[in-house]
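Novice: Could you have a look at this structure, given as structure tokens, before my questions?
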Amino acid sequence: MKHFRSIAEAGPDAVRRLLDLADHMAEVNRRPNPKVPALRGKTVCNVFFEDSTRTRLSFETAAKRLSADTMNFSVSSSSLNKGESLRDTIETIAAMGVDAFVIRHRSTGTPWQIAQWTNASIVNAGDGWHAHPTQALLDCATIRTAFGRSDGFDGLRVAIVGDVKHSRVARSDIEAFSMLGADVTLVAPKTLLPPFTDRMPVAVTTDLDAVLSEVDVLYLLRMQTERMTEALVPDLREYTARFGLTPARVPRLADHALVMHPGPMNRGVEIAVDPAEIPGSVITQQVTNGIAVRMAVLFDLLGSGSLPEATS
Amino acid sequence: MKHFRSIAEAGPDAVRRLLDLADHMAEVNRRPNPKVPALRGKTVCNVFFEDSTRTRLSFETAAKRLSADTMNFSVSSSSLNKGESLRDTIETIAAMGVDAFVIRHRSTGTPWQIAQWTNASIVNAGDGWHAHPTQALLDCATIRTAFGRSDGFDGLRVAIVGDVKHSRVARSDIEAFSMLGADVTLVAPKTLLPPFTDRMPVAVTTDLDAVLSEVDVLYLLRMQTERMTEALVPDLREYTARFGLTPARVPRLADHALVMHPGPMNRGVEIAVDPAEIPGSVITQQVTNGIAVRMAVLFDLLGSGSLPEATS
Amino acid sequence: MKHFRSIAEAGPDAVRRLLDLADHMAEVNRRPNPKVPALRGKTVCNVFFEDSTRTRLSFETAAKRLSADTMNFSVSSSSLNKGESLRDTIETIAAMGVDAFVIRHRSTGTPWQIAQWTNASIVNAGDGWHAHPTQALLDCATIRTAFGRSDGFDGLRVAIVGDVKHSRVARSDIEAFSMLGADVTLVAPKTLLPPFTDRMPVAVTTDLDAVLSEVDVLYLLRMQTERMTEALVPDLREYTARFGLTPARVPRLADHALVMHPGPMNRGVEIAVDPAEIPGSVITQQVTNGIAVRMAVLFDLLGSGSLPEATS
């Protein structure tokens with residue numbers, strides 16, 4: 001695999017291979033010394049055109065665990081002109097000797113555009129509303145581990161709740177969950193659904209309570225307060241009442257159901273209970289699996305030969 | 001020791017052990033290659049809610065000397081909501097696999113609060129006006145080395161001069177110096193003294209000149225110009241005249257007396273002479289000892305087994 | 001060599017030695033694992049008083065390739081007072097154990113001033129309009145490699161085009177190119193020429209087209225839009241028409257001629273063609289050689305013994 005830019009582009013074989021590799025990386029991460037020399041001498045450059053300390057730290061930690069060197073190029077969009085200037089920036093950094101770029105950008109498709117300008121591998125760390133494939137991969141890894149479902153997700157019922165329209169996480173999760181066999185239901189007010197949901201491998205409802213007790217996985221999306229000022233939701237309190245995980249709803253979840261969230265949480269909005277008190281919450285495990293999954297992606301793109309063993 | 005959050009909490013045995021360990025680390029730092037593999041595979045995360053490039057660089061350098069990986073999480077307080085959001089942030093970073101958090105925060109007690117949310121070790125790098133225990137430790141290491149007093153500070157006379165009220169450095173130094181046996185005198189205008197000095201192991205005076213020739217250590221605190229706008233001091237010139245180390249006062253110091261300052265200095269205010277021209281100035285040594293002391297703390301919290309030897 | 005602050009100060013022997021060393025480093029950089037342990041245990045601190053992500057990343061990458069530890073101290077000039085405060089900052093960082101400072105500052109001479117305050121080596125990464133010697137070195141390395149001229153540049157004709165007056169790159173290139181034997185011509189409007197060009201080892205013209213077909217190297221300087229508001233150029237379009245590399249001018253270059261630019265390019269101003277379509281463009285190679293040259297400088301200043309071999 002040369003790039004990792006979307007779940008659909010990677011395809012089912014690569015997704016399964018990366019999930020198996022992430023299992024191995026998770027085992028590495030549980031060792032007293034979780035550092036392996038697998039990517040020694042490789043350079044991974046994080047180029048974040050949007051702030052995301054969490055995602056950047058996760059990629060940086062994954063790269064360091066594999067002994068790669070990391071470079072950080074943070075860009076306030078004002079300091080760069082559009083068009084060719086972005087190209088010059090990428091070509092300049094690439095010329096310093098970068099093996100992989102990890103790209104976060106507000107515009108859909110930027111990782112594909114950048115791949116035309118450099119021979120380095122490209123990892124999409126979120127482009128516009130389009131895709132966030134390492135998030136989808138870590139979500140799959142979390143479900144796999146929690147349910148022991150390394151065979152796939154056939155028959156698993158997943159509800160994705162909230163602002164699907166503006167969510168690259170949702171788009172990548174829909175691709176990945178359905179690729180692995182899960183039945184995905186989107187739960188959102190109509191104003192927060194994307195167009196053409198009829199062409200997606202999903203069911204759609206506006207009634208969380210109708211599906212709540214049936215789901216194996218309840219995936220809550222971050223609700224951004226901007227949506228209220230854009231008049232897409234009348235009121236955050238109203239949103240919580242209809243779509244939030246409230247204390248009244250928790251007991252209606254199945255005993256085995258998982259509660260997931262990509263973070264950062266808007267407590268009191270999409271989640272109005274302390275996740276530490278929900279038995280099925282795997283929100284912390286998602287973050288932990290993020291390291292293993294990103295190690296798997298970087299090793300798959302840049303590593304050679306056998307799986308990493310621990311440094312002595 | 002699990003955490004290092006205050007001198008009082010650590011207690012005299014730990015303080016002495018850390019100072020002995022810092023002596024060893026100082027020896028490591030004098031080697032041509034001062035890097036040791038003691039914490040290879042450990043991750044230290046600096047979480048600074050207040051800017052402090054010096055302290056952050058000192059901790060980062062200490063961690064790297066021990067071959068730990070470092071993560072930096074800088075927070076403008078505006079980007080974080082209060083309360084549970086801080087908790088979510090810490091839990092998220094912790095879930096990536098952090099062995100120790102180094103915390104700087106404007107609020108007293110934050111390092112204790114954070115310790116409830118993570119299994120990682122906590123090092124207090126300054127919380128509000130409360131404590132800055134690694135500063136106190138490096139101050140003790142500097143005095144120990146300068147006077148050859150590894151047995152303790154019995155009979156040593158230390159004057160701490162300036163804005164004691166708003167100084168976490170002063171609070172931690174008072175604890176540490178008196179714990180080791182020194183006689184501490186606070187020298188400050190009444191408006192810059194903390195309440196309840198009668199319950200502290202200190203003498204108090206408003207007359208620097210009355211004690212100047214008697215002290216073994218003159219410890220100058222940073223005078224922040226904000227204090228003048230808050231009307232706590234009438235005028236910085238007046239402050240310097242009464243409490244500053246002026247050219248006229250230098251010759252009245254004992255020949256062996258040390259002059260110390262936690263940095264950054266407000267030259268012309270609390271110190272109106274060039275410290276390079278004061279024979280007893282150990283201000284640069286304080287910075288150097290900061291690395292050794294922070295290496296000692298990190299090794300004590302995270303290391304296992306014997307003292308670090310040099311890498312080959 | 002203790003410092004590397006200007007081409008003139010280094011002198012011809014050091015310049016030739018560094019270029020030979022850079023050849024070796026370029027070979028290291030072409031290896032699958034370009035990392036060598038040559039500076040293990042050394043600390044290089046980047047102190048940038050002006051933003052320059054490219055140059056900082058280049059030095060940081062060079063240091064990491066040699067296994068040095070790096071510290072970054074970025075300063076908005078507002079956070080530092082002038083004069084002694086700069087000194088205190090440098091002395092404080094130096095006291096943490098820094099082997100070399102890489103300094104970028106808007107004022108001419110800062111690297112010499114700082115060298116008086118620390119025993120560490122100083123590398124000038126650009127001071128005011130004065131000097132940027134590692135840029136000149138990488139430019140020489142690029143010409144050497146492209147023309148196979150490790151014997152020197154005797155008879156080579158170089159035109160430096162544009163805002164010479166405000167360019168530290170131009171000043172250092174003039175010194176280096178002429179030191180190696182090249183014939184240098186400055187091509188610029190009179191308002192963008194420095195005073196006293198008659199004392200420099202250069203020819204001067206305002207007519208690009210008169211020299212275009214004769215040059216072996218066309219070196220385009222960055223044209224900053226500020227110059228227009230300062231009324232030094234009437235109009236950027238006019239500037240491009242007279243001094244820019246336009247599509248009409250490209251075919252008039254000699255077949256073997258190199259086109260160079262220090263970056264970042266103002267496309268459409270000093271260069272109105274896509275450099276990827278100019279056969280002689282070595283702009284990307286300049287960036288790549290920047291890593292090798294900075295490795296050479298750091299190794300020359302801090303290394304001991306023989307040339308670096310690869311890590312196993």
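The values are calculated or read from the model by the stated rules, or taken from the named source; none is laboratory data. Everything quoted here is computed from the prediction, not taken from an experiment. Ideal geometry is used to build each Cβ from the backbone, glycine not excepted, and the neighbour counts take in all protein chains shown.
Novice: Residues to consider are C:Ala100, C:Ala95, C:Ala125; find the one that is within 12 Å of another protein chain (Cβ to nearest Cβ) and crowded, with 18+ Cβ neighbours inside 10 Å.
Specialist: C:Ala95
Novice: Residue by residue through region B:27-48, note down the ones that are within 14 Å of chain A (Cβ to nearest Cβ) and buried (at least 21 other Cβ atoms within 10 Å of the Cβ).
Specialist: B:Ala38, B:Leu39, B:Lys42, B:Thr43, B:Val44, B:Cys45, B:Asn46, B:Val47
Novice: Could you check region A:106-121 and list, in sequence order, the residues that are surrounded by fewer than 24 Cβ atoms within 10 Å (Cβ to Cβ) and under 17 Å from A:Ser52 (Cβ atoms)?
Specialist: Answer for region A:106-121, where residues must be surrounded by fewer than 24 Cβ atoms within 10 Å (Cβ to Cβ) and under 17 Å from A:Ser52 (Cβ atoms): A:Arg106, A:Ser107, A:Thr108, A:Thr110.
Novice: Hey, another quick one. Is it the case that C:Leu218 is under 21 Å from the mean Cα position of the chain (by Cα) and either touching a residue at least 24 places away in the same chain (Cβ under 8 Å) or more than 14 Å from every other protein chain (Cβ to nearest Cβ) (or both)?
Specialist: yes
Novice: Identify, from the list C:Leu66, C:Leu19, the residue that is touching a helix residue (DSSP H, G or I) at 6+ places or on another chain (Cβ under 7 Å), outside the structural domain of C:Met265 (by TED's automatic domain parsing) and either among the acidic types (Asp, Glu) or over 25 Å from B:Lys64 (Cβ atoms) (or both).
Specialist: So the residue among C:Leu66, C:Leu19 that is touching a helix residue (DSSP H, G or I) at 6+ places or on another chain (Cβ under 7 Å), outside the structural domain of C:Met265 (by TED's automatic domain parsing) and either among the acidic types (Asp, Glu) or over 25 Å from B:Lys64 (Cβ atoms) (or both) is C:Leu19.
Novice: Does region B:251-270 contain at least one residue that is of a type in the set (Lys, Arg) and more than 14 Å from chain C (Cβ to nearest Cβ)?
Specialist: Yes, because at least one residue in region B:251-270 is of a type in the set (Lys, Arg) and more than 14 Å from chain C (Cβ to nearest Cβ).
Novice: Oh, and also: Do we have C:Arg237 as in the same structural domain as C:His166 (by TED's automatic domain parsing), without any contact (Cβ under 8 Å) to a residue 24 or more places away in the chain, among the charged types (D, E, K, R) and over 21 Å from C:Ser52 (Cβ atoms) here?
Specialist: Yes.
Novice: Tell me whether region C:144-159 contains one or more residues that are outside any loop (DSSP other than H, G, I, E, B) and modelled with pLDDT under 95.
Specialist: No; the residues of region C:144-159 include none that is outside any loop (DSSP other than H, G, I, E, B) and modelled with pLDDT under 95.
Novice: Then there's this: Could you tell me whether any residue of region A:74-91 is over 28 Å from C:Asn266 (Cβ atoms), out of contact with any Pro (no Cβ under 9 Å at 6 or more places or on another chain) and within 14 Å of chain B (Cβ to nearest Cβ)?
Specialist: No, region A:74-91 contains no residue that is over 28 Å from C:Asn266 (Cβ atoms), out of contact with any Pro (no Cβ under 9 Å at 6 or more places or on another chain) and within 14 Å of chain B (Cβ to nearest Cβ).
Novice: Go through region A:52-64 residue by residue and tally those that are at the interface with another protein chain (Cβ under 8 Å from one of its Cβ atoms) and in contact with a strand residue (DSSP E or B) (Cβ under 8 Å, 6 or more places away or on another chain).
Specialist: Residues flagged as at the interface with another protein chain (Cβ under 8 Å from one of its Cβ atoms) and in contact with a strand residue (DSSP E or B) (Cβ under 8 Å, 6 or more places away or on another chain) within region A:52-64 amount to 5.
Novice: Then there is this: Please tell me if B:Pro262 is under 30 Å from B:Arg65 (Cβ atoms), touching a Leu at 6+ places or on another chain (Cβ under 8 Å), touching a residue at least 40 places away in the same chain (Cβ under 8 Å) and in the same structural domain as B:Gly162 (by TED's automatic domain parsing).
Specialist: yes
Novice: Please tell me if A:Leu302 is under 17 Å from the mean Cα position of the chain (by Cα) and either among the aliphatic types (A, V, I, L, M) or surrounded by fewer than 20 Cβ atoms within 10 Å (Cβ to Cβ) (or both).
Specialist: no
Novice: Something else now. When the residues of region B:160-178 are narrowed to those that are basic (Lys, Arg) and either out of contact with any Phe, Trp or Tyr (no Cβ under 6 Å at 6 or more places or on another chain) or surrounded by 24 or more Cβ atoms within 10 Å (Cβ to Cβ) (or both), which ends up modelled with the highest pLDDT?
Specialist: Among residues in region B:160-178 that are basic (Lys, Arg) and either out of contact with any Phe, Trp or Tyr (no Cβ under 6 Å at 6 or more places or on another chain) or surrounded by 24 or more Cβ atoms within 10 Å (Cβ to Cβ) (or both), the one modelled with the highest pLDDT is B:Arg171.
Novice: Then there is this: So, restricting to strands (runs of 3 or more DSSP E) that lie completely within region B:194-312, which ones have at least 1 residues that are at pLDDT below 95 and under 28 Å from B:Ala26 (Cα atoms)?
Specialist: Passing ranges: none, list empty.
Novice: What single numbered condition from (1) among the polar types (S, T, N, Q); (2) within 12 Å of chain C (Cβ to nearest Cβ); (3) free of Cβ contacts under 8 Å to residues at least 40 places away in the same chain fails to hold for B:Gln286?
Specialist: It fails just one condition, (3).
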